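The values are calculated or read from the model by the stated rules, or taken from the named source; none is laboratory data. Note that the structure is predicted; figures quoted are calculated from it, not measured. Don't worry about glycine lacking a Cβ; one is built from the backbone with ideal geometry, like all the others, and counts go over all protein chains shown. For the accessible areas, the whole protein counts, side chains as well, though only heavy atoms, and no ligand, DNA or RNA atoms are used. Shrake-Rupley method; radii C 1.70, N 1.55, O 1.52, S 1.80 Å.
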Amino acid sequence: MDSGVKCFVVSPSNSQFWQTENILNSKLAILSVQIGYVVLFSRLFYFILKPLHQPRLIADICAGFLLRATLLAGFPQIYKFIYPMNGVFNVEVLCTIGIIFYAFLSGLEMNLNTILHVQKKAASIAVAGIIFPMVMAPGLYALYRKFHVISDLYSLEGSTVQAYLFWTLVLTVTGFPVIAHTLSELKLLYTGLGKAALIAGMISDTYSWILFTLLVPFTINGPRAIYSVLSTMLFIVFLVFVLRPIIVRFIDRKTDKDEWDYDQLLFVIMGVVACSYITDILGTHGIVGGFVFGLILPHGRFADLVISVADDFGGGFLAPLFFAGSGLRLGLPIIINQANWPMTLLIVLLLCVPKILSTLFVTSFFGMRTRDGLALGLLQNTKGAIALIMLNISWDRKIVSVPTFTVLLSGVLLMTVIVSPVIDLVFKPRKRFEQNKLKTVQKLRADSELRIMACVHNTRHASGMVKIIESFNTTRVSPIHVVALYLVELTGRGAALVAAHMHKISSHPGEQNLTRTQAELESITNTFEAFGQSYDAVRVETSNVVSDYATIHEDIYNAANEIGTSLIVLPFHKHQTSEGALETTNVLYKDINQNVMQGAPCSVGIFVDRDLGSVSKMNMRVIMIFVGGPDDREALAVTWRMAGHTGIKLSVVRILLFDEVAEVDTSVQDDARGMLSSVMDNEKQKEVDDKYINSFRLKAVNNDDSISYSEFDAHTGEDIPKILNELEKTGCDLYIVGQGNCRNSKVLSRLLEWCDCLELGLIGDMLASTTFGSRSSLLVVQQYGYGGMVFGKQENHKATNNEGFKQLVVKTE
């Protein structure tokens with residue numbers, strides 16, 4: 001037996017920086033610097049480009065291009081410090097892993113119900129968006145080769161067949177996650193245009209993955225590509241029809257029991273790696289396996305869990321390395337330094353044309369407006385990760401030359417960057433609100449359909465909203481159209497959350513594990529649909545808005561403007577406890593309500609629900625308190641719509657102001673030269689109030705014993721609480737009051753400064769306060785057309801808008 005000592009030569013690596021020559025030369029340190037640079041500068045560019053509503057992908061590319069710019073500007077030491085030769089391989093490995101996870105998340109966020117039950121219009125737009133580029137791309141490529149000036153440094157690719165194919169594929173693809181982000185940023189997601197673009201984008205993105213799977217192997221493997229395609233298709237069939245039922249059954253069982261933890265989710269990551277490895281050795285690409293594995297996993301609560309865990313790592317940490325690499329390869333000087341550069345720039349512009357032409361052709365066939373068709377074409381032209389993946393494959397395989405790669409990448413960036421600014425310029429949806437007619441209940445004819453948008457955050461809100469809408473006297477002559485809008489806060493990966501709420505959730509038990517928001521939406525939908533089925537004159541729609549709470553009011557504006565609602569009803573930010581007190585549900589709901597009231601395109605109501613749903617349909621008592629002003633007239637108009645309901649007893653109480661409390665606040669007249677002050681003085685306002693009250697008494701009170709009218713006199717500020725206490729003693733189930741904006745009373749303005757909830761106004765805040773002790777529900781109404789509330793330190797709490805009011809006055813003459 002040999003007992004000799006054997007020695008090995010090793011090169012130890014000491015991580016202690018004081019015992020090494022230069023720790024920055026180690027591969028781990030280089031990789032850390034590269035990751036830190038990309039993450040830091042991509043976030044910086046995202047912040048800079050945010051006013052232009054650019055996706056994060058563009059910011060990542062800009063971070064890479066900035067590093068290339070330092071090389072071109074004569075600072076190669078910066079480039080070599082971040083991307084030295086011995087650090088390229090490691091970052092390329094991470095880039096590959098990152099883009100595989102990005103593809104996996106893209107598959108996980110796809111809505112299979114939308115894909116399998118595609119609408120004819122969306123499918124037509126998607127198919128035309130493939131056919132037109134396929135027909136036009138070869139001509140554009142031939143034109144590019146004709147006008148390109150060959151230089152000694154960069155020559156064009158020799159094999160044109162593969163280049164033709166890549167040129168065509170890049171022009172046909174569409175990026176669904178980028179479209180969802182763009183629509184969300186522009187607040188067009190829940191308009192007719194937004195919904196059409198979103199569904200068409202999802203279908204186009206699915207077709208893009210199919211084309212990638214079928215055609216890319218032919219550019220990589222040559223004549224043997226047919227074997228790669230067939231074997232990959234067989235593997236996909238195995239995943240869908242054999243593996244998927246087993247996985248779904250297992251995952252659903254564990255999800256139902258809430259047994260998932262981070263250790264068990266590691267098996268999902270292993271599945272991504274395994275499927276990517278198999279499709280890679282089959283000759284397609286690793287991202288195909290990652291995408292299909294994400295597609296076959298059950299959607300709903302499990303998908304929401306996986307995305308919440310993996311998105312920050314895969315989409316926010318690793319994928320930017322890949323996109324930054326694309327920017328690093330972008331050589332714009334190659335185009336600019338050419339002798340024939342104007343023609344090359346023209347080619348880049350022409351690359352944007354095929355998708356737009358195809359969409360215009362299809363939308364004109366379906367009777368859409370040219371402007372909508374143009375906007376839809378721009379959105380379908382948006383490129384995402386798959387286009388960059390194709391370009392990088394062509395670069396790595398040397399299928400296209402450096403000039404061709406630069407032209408294609410420049411076209412991809414141009415198509416994506418121009419979408420948000422152009423659509424924002426063309427549509428400008430917020431600036432159209434002032435051009436519409438007065439959207440108020442008061443101006444609506446009695447025999448016209450009343451359109452109400454009921455915004456809710458949960459099922460409890462839905463039950464209360466149904467009860468208050470049910471109190472309206474609906475007939476076939478005076479029907480109601482109710483649009484229930486479920487407000488969902490946007491968190492995490494936006495496209496996934498949007499896709500999850502695109503279609504009605506299946507109600508078959510055991511079919512899927514719904515996320516919390518999906519289950520809430522299903523319950524809300526059932527509540528409103530049951531209400532709609534109970535009345536022939538009621539039409540009900542249920543939708544949802546997925547947006548950041550800070551800007552969700554803009555989505556509500558656009559949805560209301562699209563439908564043409566006369567009244568938006570919002571839930572109060574507090575709910576009633578079992579003891580009868582009001583407790584804050586979510587303070588952000590208050591911010592939403594105030595934001596909506598500041599610029600809504602129609603009248604707004606804030607509903608304080610004190611268990612109104614428990615009140616009997618045949619024995620409901622409503623008191624409307626009228627002080628004066630446009631908001632009170634709108635509140636009376638809402639009350640008037642309840643007149644004639646068999647189960648409701650209405651009482652209209654007018655508080656007449658005298659002496660001190662009637663003294664006009666002259667500071668309001670001096671400061672607010674807009675919606676009210678420049679047209680009506682205080683006496684004219686009283687004349688309008690008297691005329692409307694008299695009309696109500698003549699047409700409603702005198703013809704119905706269930707409606708009563710009474711008056712109370714108020715001489716001082718202390719009289720108003722006394723009157724409210726007297727009314728409370730009589731008992732009621734629902735108070736209806738005006739918010740009180742534009743009341744020119746010095747006493748009321750001073751009292752308003754003591755209000756806790758300015759959105760409720762003076763009377764509403766008193767009725768909702770805990771000290772008042774009321775158990776009655778409350779509806780506070782603000783009339784559209786008087787500038788909306790301004791919630792700040794303004795003494796009179798009112799907004800002015802000279803230009804908008806002039807337009808409104810002209811239209812009402």
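A few points about this structure:
- When the surface is traced with a 1.4 Å probe over the full set of protein chains, Met233 keeps roughly 80 Å² accessible.
- Surface composition of region 181-263: carbon and sulfur atoms hold 66% of the protein heavy-atom accessible area at a 1.4 Å probe.
- Under the combined filter of DSSP loop state and at most 14 neighbouring Cβ atoms within 10 Å, region 380-422 retains these trypsin sites (Lys or Arg not before Pro): Arg397, Lys398.
- Those GluC sites (Glu not before Pro) in region 541-591 that DSSP places in a loop and that have at most 10 other beta carbons within 10 Å: Glu579
- Whole-number accessible area per residue in Å² for region 155-294, which is evaluated in the context of all protein chains at 1.4 Å: 41
- Which of Phe313, Phe607 is most accessible, then next, and so on - probe 1.4 Å: Phe313, Phe607
- Among the protein heavy atoms, those of Val540 account for about 40 Å² of accessible surface (1.4 Å probe, every chain in place).
- Placing Tyr277, Tyr784, Tyr557 in order of accessible area, with the largest value first and a 1.4 Å probe, yields Tyr277, Tyr784, Tyr557.
- Accessible surface of region 302-379 [probe 1.4 Å, protein heavy atoms]: carbon and sulfur percent: 71
- Relative packing of peptides 294-303, 690-699, 320-329 - highest average C-beta neighbours within 10 Å first: 320-329, 294-303, 690-699
- Residues of region 603-661: accessible area per residue with a 1.4 Å probe, Å²: 30
- For the set Glu449, Glu470, the ranking by accessible area, highest first and with no ligand, DNA or RNA atoms included, is Glu449, Glu470 under a 1.4 Å probe.
- Accessible surface for region 311-432, divided over its residues, is 36 Å² per residue with a 1.4 Å probe.
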